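Student: I am attaching a structure below and will ask some questions about it afterwards.
Only the coordinates and a few stated rules stand behind these numbers; no lab work does. Please read these numbers as outputs of a predicted model, since none were measured by experiment. All Cβ positions, even for glycine, are placed from backbone atoms using ideal geometry, and neighbour counts span all protein chains on display.
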Amino acid sequence: MSKQTRTPSQSNGGAVGYCKPPVYTQFKKGQSGNPEGRRKGQRNIRTVVNEALNQPITIREGNRTRKTTKLDGVIMTMVNDALKGDAKALASLIVLLRSLGMTGEPPEVPTQEPFTADDQGLIADYFRRNGSTLQQPTDIDGKETPAGSTHSETTKS
């Protein structure tokens, strides 16, 4: 099978550049860009688990029967076992609720501590070594505060 080469003048009006590749490098009609790729209809693990959990089942509650999905049945069983005092079921239920954000606890906010004199000095040293200048914080009067001191120290003097 030989590859036919076409000159750029045969298509694109001779224009070759950004978003206009030469015709001889383009995929032929019906040719895939990834011939060894995943076959159509091939299922992955997520699809298989999703289908298994969404299959309908019949549950009996007392004298009553009803249809629900397997996922609903698993969750109802976990909740019922937790209510009966099963510690493992309760722990699993709490983990599930936390992962879904349903515990009512506010999300943990990362705390950022204010800069110290050491931090300010390190930042100033970094900018000095890399050729940039650090803009010094200014006082209320417009005066620059020294890099090693804080705003409260300069207002005392």
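Student: Looking at segment 15-87, which chymotrypsin sites (Phe, Trp or Tyr not before Pro) are DSSP coil and have at most 15 other C-beta atoms within 10 Å of their C-beta?
Tutor: Loop-located and lightly packed - 18, 27.
Student: A follow-up question, please. Would you please give the residues with an amide H less than 5 Å from that of residue 69, counting only those at least 5 places away or on a separate chain, with H modeled from the backbone geometry?
Tutor: 57
Student: Per residue of segment 45-51, in order, report the coupling 6.51 cos²θ - 1.76 cosθ + 1.60 (Karplus, θ = phi - 60°) as ³J(HN,Hα) in whole Hz, putting x for Gly and Pro.
Tutor: The phi angles translate into 5, 5, 5, 5, 5, 4, 5 Hz.
Student: Using θ = phi - 60° and the Karplus relation 6.51 cos²θ - 1.76 cosθ + 1.60, list the HN-Hα couplings for segment 63-75 in order, rounded to whole Hz, with x at every Gly or Pro.
Tutor: Coupling constants for segment 63-75: 8, 9, 10, 8, 9, 8, 8, 4, 4, 4, x, 5, 5 Hz.
Student: Can you list the GluC sites (Glu not before Pro) in segment 13-98 that are in a DSSP coil and have 11 or fewer other beta carbons within 10 angstrom?
Tutor: Passing both the DSSP loop test and the Cβ count: 36.
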